[in-house]
1. For the subset of the stretch 35-57 comprising residues that are out of contact with any Leu (no Cβ under 9 Å at 6 or more places or on another chain) and touching a residue at least 24 places away in the same chain (Cβ under 8 Å), which member is surrounded by the fewest Cβ atoms within 10 Å (Cβ to Cβ)?
2. Confirm whether G9 is in contact (Cβ under 8 Å) with a residue 24 or more places away in the chain and either loosely packed, with under 13 Cβ neighbours inside 10 Å or not hydrophobic (A, V, I, L, M, F, W, C) (or both).
3. Please list, ordered by first then second residue, the pairs with beta carbon atoms under 7 Å, 6 or more apart or interchain, first in the stretch 104-125 and under 18 Å from I88 (Cβ atoms), second at pLDDT 85 or above.
4. When K119 is evaluated against the numbered criteria (1) over 14 Å from T12 (Cα atoms); (2) assigned by TED's automatic domain parsing to the domain that holds D15; (3) modelled with pLDDT of 90 or more, which criterion, by number, is the only one it fails?
5. Considering each residue of the stretch 20-63, count those that are under 13 Å from the mean Cα position of the chain (by Cα), more than 15 Å from V76 (Cβ to Cβ) and among the charged types (D, E, K, R), and give that number.
6. Return yes or no: is R26 in the same structural domain as D80 (by TED's automatic domain parsing), in contact with a His (Cβ under 6 Å, 6 or more places away or on another chain) and charged (D, E, K, R)?
7. Can you give me the number of residues within the stretch 75-84 that are part of a helix (DSSP H, G or I) and surrounded by 15 or more Cβ atoms within 10 Å (Cβ to Cβ)?
Amino acid sequence: MSADWPLKGQITFKDVHLRYRPELDRVLQGLSYEVTAGHKVGIVGRSGCGKSTMGLGLSRLLEVDSGEILIDGVEVNKVDLETLRSRITVIPQDPVIFDGTLRTNLDPLNKRTDEEIEKVLRDAGLEDLLTKKPEKK
């Protein structure tokens, strides 16, 4: 796996079938879609329709029963778990901010410089967080 994978971020589900355990019914059946590189999408739907299951398949917390999930043309089941999970981010339905500073929440492994963190916040339109004072508990 190249050090810069994924470079573009195109996500493709091809006829994906997923189930939580072998003896249970499939919870996704024949799901196919593509997110073109550079686009952002929100997945919406009623409770139980498979939104979270898609994320579980993408990060291989659930293995694909049949079909393929690809990122930049690479099947996720061909990527070792540490590499895969370190290079994708899934925002859960109920996002959680942990105790600690903004910096430790954004870079819990302390792999980025302050300048990189600030650039990401500015690029995301969140520069006001750089000057905001923490709320007292």
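The values are calculated or read from the model by the stated rules, or taken from the named source; none is laboratory data. Keep in mind it's a predicted model, so treat the numbers as computed, not measured. When we count neighbours, we look across all protein chains shown, and the Cβ atoms used for this are built from the backbone with ideal geometry, even at glycine.
1. Step by step, filter the stretch 35-57, then rank; the result is G38.
2. For G9, the condition - in contact (Cβ under 8 Å) with a residue 24 or more places away in the chain and either loosely packed, with under 13 Cβ neighbours inside 10 Å or not hydrophobic (A, V, I, L, M, F, W, C) (or both) - is met.
3. Close Cβ pairs (under 7 Å, with a partner that is at pLDDT 85 or above) amount to L106/I117; D107/I117.
4. (2)
5. 2
6. In short, yes.
7. Number of matching residues: 2.
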